[in-house]
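In what follows, a structure is listed as structure tokens, so that the remarks can point back to it.
The values are calculated or read from the model by the stated rules, or taken from the named source; none is laboratory data. Note that the structure is predicted; figures quoted are calculated from it, not measured. Neighbour counts run over all protein chains shown; Cβ positions are idealised from the backbone, glycine included. For the accessible areas, the whole protein counts, side chains as well, though only heavy atoms, and no ligand, DNA or RNA atoms are used. Shrake-Rupley method; radii C 1.70, N 1.55, O 1.52, S 1.80 Å.
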Amino acid sequence: MSVLKSWTGGAVVLLALAGGLRAEVTVSQSNDPSGMPAQGLVSMLVQERSGLGALSASRITALTTTPRAKGAKDAPSQITAEWLQTQPAATGGEQFQCLAKAVYHEARGEGVDGQVAVAEVILNRVDDPKFPKTVCGVVHQGNSRGCQFSWVCDGKSDAIRNAAVYASIEKIARAMLDGAPRDLTDGATYFHTPAVRPSWSKRFVKTARIGAHIFYRAPLQTASN
């Protein structure tokens, strides 16, 4: 009811001002299309006040709340195990499935942060012009030396064997695609496990170590004269 009270108070002030206009000013009705005669203003305010008085508080709230953009999604400020437990089963199309499967095969034994970090790398690659422009393109990218993600072409089965873990990862994939922050890896586009020391890692900037992975991004390019 605070919205209605606020509007009512404003209406009273406007009514008083309108009365003053009637007494002191003659309003032109011929050369100012934006001007409204004082009598018309008074009549309009009285009618609107009467109409608002008939509305419920919930209806007034709905009318005065900025609508969400069509298709907008709710993404958390931070993905945690507690938050995941409150979420319904996640669904999505091809890109969603590619992200969920990649996180599952790369980080199913990780904690939530480790799984989110892998999702960040994939989405950071999508945003990087050096990589494919879709999640599925990034996940399945390869060349003559092999695949970017080893599980894609290691010859082993890609079957989902732990349905409970996969269901949780699907929620992570959904949240990340819906715009959850990517602030764990500082823009990383590469990672590896501590068990290996690939030669490329020397050319990149280490940004984080989360769970069983070390994360890297390309060094920042500086302008040269």
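Applying a DSSP loop filter and a limit of 13 other Cβ atoms within 10 Å to the trypsin sites (Lys or Arg not before Pro) in the stretch 133-225 leaves LYS133, ARG145, LYS156, ARG161. Computed in the context of the full set of protein chains, the accessible area of the stretch 117-167 at 1.4 Å probe radius has 52% of its extent on carbon or sulfur. When the GluC sites (Glu not before Pro) in the stretch 91-170 are filtered for DSSP coil states and for at most 13 other beta-carbon atoms within 10 Å of their beta-carbon, no site remains. For GLY211, neighbours were defined as the other residues whose beta-carbon sits under 14 Å from its Cβ, and their charges (Lys and Arg +1, Asp and Glu -1) total -2.
Solvent-accessible surface of the stretch 106-185, taken per residue with a 1.4 Å probe and all protein chains present: 49 Å². Around the amide H of PHE149, modelled in the peptide plane, lies no amide H under 5 Å away from a residue 5 or more places distant or on another chain. With a threshold of 22 Å on the Cα-Cα distance, the over-threshold entries among LYS130/LYS202; LYS130/LYS206; LYS133/LYS156; LYS101/LYS156; LYS101/LYS171 are LYS133/LYS156. By the equivalent-ellipsoid construction on the alpha carbon gyration tensor, the stretch 85-140 comes out with semi-axes of 20, 14, 10 Å, ordered largest to smallest. Long-range amide H contacts for ILE210: which residues qualify at under 5 Å (H placed 1.01 Å from N, peptide plane, sequence gap of 5 or more or a different chain)? Amide H to amide H, under 5 Å and 5 or more residues apart or across chains, ILE210 pairs with PHE215.
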